[in-house]
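Okay, so here's the structure we're looking at.
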Amino acid sequence: MFLFTNSFGNSALTLIGALTCLYYLVKYSWKLLFGIRIYILSKFWKVDLTYFGEWAVVTGATNGIGKAYAHELARRGLNIVLISRSLEKLKTTAEEIGKEEKDFQREQKHGKKTKIIQADFTAGTDIYGPIQEVLNGMNIGVLVNNVGKTYNILPCYFLDVPDVKKAVTDIVFCNALSVSMMTAVVLPQMVDRKKGVIINMSSEAGTFPHPMLAMYSATKVFIDFFSRALNVEYKSQGIITQCVMPLLVSTNLTNNVDTGLLVKRADDYVREALNTVGITEQTRGCISHALQHWLIERLFPDCYRLSQFGLNSMKKLTEARKKWLEEKKKSKIN
């Protein structure tokens, strides 16, 4: 009887072990295949964005990732509405992309029409009425909520941020309010036409709490949650909502960090990220960033990230970054 019980127990444990191995084999095989579909096959098998409408609206469109989205969307056949704070930069970017709507003689880079709207997204709610007046009646197929900001200095403790109260409102208005308000402006006409794409720019910093980047991290997780919930609400009405969560991209926001295996150029990143529209509602944008995210999740869990040891490591990285920026500045002067 004992031998029978022991043999049965061993068989049960063997079966449980086999089923567990099978579960993880299927789980990670599916993730691998899905990753290949998202980041590799999408280069050849992607959505035609002109199906959704004639115009794309891009916030924060004169620098970095926003400017790259504006150019790439024009390259893919859409006319572009550029929204940003600097009128001079707006005009320059518009000229690079194509032409003002009334100027049909100017030689163009992408051959598409542009409109420009000057707006400071740290100014609160008053800016959205004038924006809506310009956008009313336009056939908008794509909205890219890209505008964003972090502290005006390197990562630091919350109370060490210069003019912390203004910094708090600026970051909330620019990063969080802009996404929800611009969506409220553009989404109704997408629902009327039963098609549209909303792309919201979050960050890897929105995946986990980030000490020394507390406000930035908190607003970026808002964007992720808002995007995923909105996608469920309106997907059945033909609206795609995608949250993009990049790691390091060389832009002004990242102090134009040197590009390489881990750091992407803005135009390369955006080209790959746009390929994933319609395939996944949340994307790291490119295979390099997807692999980095996978490693970070496993190597730096919350128990490390939210520990004193993790905080001290962040402080050391910030100091190293500060020295690198000082040396870069000196080399430019010399």
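Would the stretch 190-197 turn up any residue that is open to solvent by less than 60 Å² (accessible area, probe 1.4 Å), within 24 Å of Ser84 (Cα to Cα) and hydrophobic (A, V, I, L, M, F, W, C)? Quick ask: steps written out before the conclusion?
Pass one, the stretch 190-197, residues open to solvent by less than 60 Å² (accessible area, probe 1.4 Å): 190-191, 195-197.
Going one step further and asking which of them are within 24 Å of Ser84 (Cα to Cα), we end up with 190, 196-197.
Still in the running and hydrophobic (A, V, I, L, M, F, W, C): 190, 197.
Yes, some residue in the stretch 190-197 is open to solvent by less than 60 Å² (accessible area, probe 1.4 Å), within 24 Å of Ser84 (Cα to Cα) and hydrophobic (A, V, I, L, M, F, W, C).
When you look at Val142, is it among the hydrophobic types (A, V, I, L, M, F, W, C), under 21 Å from the mean Cα position of the chain (by Cα), modelled with pLDDT of 95 or more and farther than 26 Å from Glu204 by Cβ, yes or no?
Numbers: among the hydrophobic types (A, V, I, L, M, F, W, C): yes; under 21 Å from the mean Cα position of the chain (by Cα): yes; modelled with pLDDT of 95 or more: yes; farther than 26 Å from Glu204 by Cβ: no.
It is false that Val142 is among the hydrophobic types (A, V, I, L, M, F, W, C), under 21 Å from the mean Cα position of the chain (by Cα), modelled with pLDDT of 95 or more and farther than 26 Å from Glu204 by Cβ.
Examine the stretch 217-224 for a residue that is among the basic types (Lys, Arg), open to solvent by less than 50 Å² (accessible area, probe 1.4 Å) and modelled with pLDDT of 95 or more, and state whether such a residue exists. Break it down into steps so the answer makes sense when it comes.
Pass one, the stretch 217-224, residues among the basic types (Lys, Arg): 220.
Imposing the further condition that a residue be open to solvent by less than 50 Å² (accessible area, probe 1.4 Å) reduces the set to 220.
Then keep just the ones that are modelled with pLDDT of 95 or more; that gives 220.
Yes; the residues of the stretch 217-224 include at least one that is among the basic types (Lys, Arg), open to solvent by less than 50 Å² (accessible area, probe 1.4 Å) and modelled with pLDDT of 95 or more.
What are the residues in the stretch 116-138 that are open to solvent by 50 Å² or more (accessible area, probe 1.4 Å) and under 23 Å from the mean Cα position of the chain (by Cα), if any?
Step one: filter the stretch 116-138 for residues open to solvent by 50 Å² or more (accessible area, probe 1.4 Å), giving 118, 120, 123, 125-126, 130, 132-134, 136-137.
Listed by number, the residues that qualify are Gln118, Asp120, Ala123, Thr125.
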(Q) What's the total number of residues in the stretch 249-295 that are under 15 Å from Ile38 (Cα atoms) and basic (Lys, Arg)? (A) 2
Q) Can you pull out the residues in the stretch 169-189 that are β-branched (Val, Ile, Thr) and either open to solvent by less than 10 Å² (accessible area, probe 1.4 Å) or touching a strand residue (DSSP E or B) at 6+ places or on another chain (Cβ under 9 Å) (or both)? A) Ile171, Val179, Thr183, Val185, Val186
Q) Name the residues in the stretch 38-47 that are touching a residue at least 12 places away in the same chain (Cβ under 8 Å) and either part of a strand (DSSP E or B) or out of contact with any Gly (no Cβ under 6 Å at 6 or more places or on another chain) (or both), would you? A) Ile38, Tyr39, Ile40, Ser42, Lys43, Lys46
Q | Residue that is least open to solvent (accessible area, probe 1.4 Å) [pool: residues in the stretch 52-103 that are acidic (Asp, Glu), part of a helix (DSSP H, G or I) and touching a residue at least 24 places away in the same chain (Cβ under 8 Å)] | A | Glu72
**Q.** Pairs with Cβ under 6 Å, 6+ apart, first in the stretch 313-334 and in a helix (DSSP H, G or I) and of a type in the set (Phe, Trp, Tyr), second open to solvent by less than 100 Å² (accessible area, probe 1.4 Å) and at pLDDT below 90
**A.** none
**Q.** Only listed residue being in a helix (DSSP H, G or I), among the hydroxyl-bearing types (Ser, Thr, Tyr) and either without any contact (Cβ under 8 Å) to a residue 24 or more places away in the chain or more than 17 Å from Gly60 (Cβ to Cβ) (or both), chosen from Ser180, Ser217
**A.** Ser217
Q: Name every residue in the stretch 220-239 that is out of contact with any Cys (no Cβ under 8 Å at 6 or more places or on another chain), among the small types (Gly, Ala, Ser) and part of a helix (DSSP H, G or I), in order of residue number.
A: Ala229, Ser236
Q: Of all residues in the stretch 240-288, count the ones that are within 15 Å of Gly66 (Cα to Cα), in a loop (DSSP other than H, G, I, E, B) and free of Cβ contacts under 8 Å to residues at least 12 places away in the same chain.
A: 1
Q: Scan the stretch 139-160 for residues that are open to solvent by less than 20 Å² (accessible area, probe 1.4 Å) and either free of Cβ contacts under 8 Å to residues at least 40 places away in the same chain or over 27 Å from Met212 (Cβ atoms) (or both) and jot them down.
A: Ile140, Gly141, Val142, Leu143, Val144
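The values are calculated or read from the model by the stated rules, or taken from the named source; none is laboratory data. Quick caveat, the model's predicted, so the values are computed rather than measured. Glycine also receives a Cβ, built like all others from the backbone with ideal geometry; neighbour counts cover every protein chain displayed. Accessible surface is based on the protein model in full, side chains and every heavy atom, while ligands, DNA and RNA are left aside. Shrake-Rupley method; radii C 1.70, N 1.55, O 1.52, S 1.80 Å.
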